[in-house]
């Protein structure tokens with residue numbers, strides 16, 4: 001039943017981002033969590049609890065209506081989960097809508113998220129976990 005737990009963990013983390021619940025998000029993560037975003041996105045690499053705090057601040061600055069929609073979550077193995085996502089937001093200053101399709105790779109250690117890699121290209125994400133289509 002481990003796979004169901006891993007999938008639920010990632011679903012809880014994403015729900016926490018949408019709720020702007022940093023404590024809820026951190027409860028899903030290892031203390032030394034590392035989040036890597038694509039260069040074109042928010043802010044590069046966020047490390048540890050302080051980095052995640054900065055990530056939440058950056059999301060808020062990206063637009064108060066920033067949301068993540070899950071298109072699917074699947075376990076690669078007992079230590080990795082893939083999430084297929086769509087993000088949407090409206091620029092605070094510009095009013096311009098932005099939507100991205102992303103594939104995230106979550107590495108897990110002891111039932112916690114230890115590393116998140118966000119890919120703009122689904123094939124790159126699949127390649128990163130050895131599942132090239």
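The values are calculated or read from the model by the stated rules, or taken from the named source; none is laboratory data. Keep in mind it's a predicted model, so treat the numbers as computed, not measured. For neighbour counting, all protein chains shown are included, and Cβ atoms are generated from backbone atoms with ideal geometry for every residue, glycine included.
Conditions (1) within 13 Å of the chain's Cα centre (by Cα); (2) part of a helix (DSSP H, G or I), marked per residue:
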| site | (1), (2) |
| --- | --- |
| 10 | yes, yes |
| 17 | yes, yes |
| 46 | yes, no |
| 51 | no, yes |
| 55 | yes, yes |
| 70 | yes, no |
| 76 | no, no |
| 83 | yes, no |
| 89 | no, no |
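Mind checking whether some residue in the range 35-43 is in a loop (DSSP other than H, G, I, E, B), closer than 13 Å to residue 17 by Cβ and touching a residue at least 40 places away in the same chain (Cβ under 8 Å)? Checked the range 35-43: at least one residue is in a loop (DSSP other than H, G, I, E, B), closer than 13 Å to residue 17 by Cβ and touching a residue at least 40 places away in the same chain (Cβ under 8 Å). The condition (being over 23 Å from residue 6 (Cβ atoms), at pLDDT 85 or above and out of contact with any strand residue (DSSP E or B) (no Cβ under 9 Å at 6 or more places or on another chain)) is satisfied by just one residue among 95, 50, 24, 43: 50. Residue check: is residue 85 more than 17 Å from residue 14 (Cβ to Cβ) and crowded, with 16+ Cβ neighbours inside 10 Å? So residue 85 does not fit the description; no. Among the conditions (1) in contact with a strand residue (DSSP E or B) (Cβ under 9 Å, 6 or more places away or on another chain); (2) surrounded by fewer than 19 Cβ atoms within 10 Å (Cβ to Cβ); (3) modelled with pLDDT of 95 or more, the only one that residue 33 does not satisfy is (2).
Of the listed requirements (1) more than 17 Å from residue 100 (Cβ to Cβ); (2) touching a residue at least 40 places away in the same chain (Cβ under 8 Å); (3) surrounded by fewer than 18 Cβ atoms within 10 Å (Cβ to Cβ); (4) in contact with a strand residue (DSSP E or B) (Cβ under 7 Å, 6 or more places away or on another chain), residue 18 misses just one: (1).
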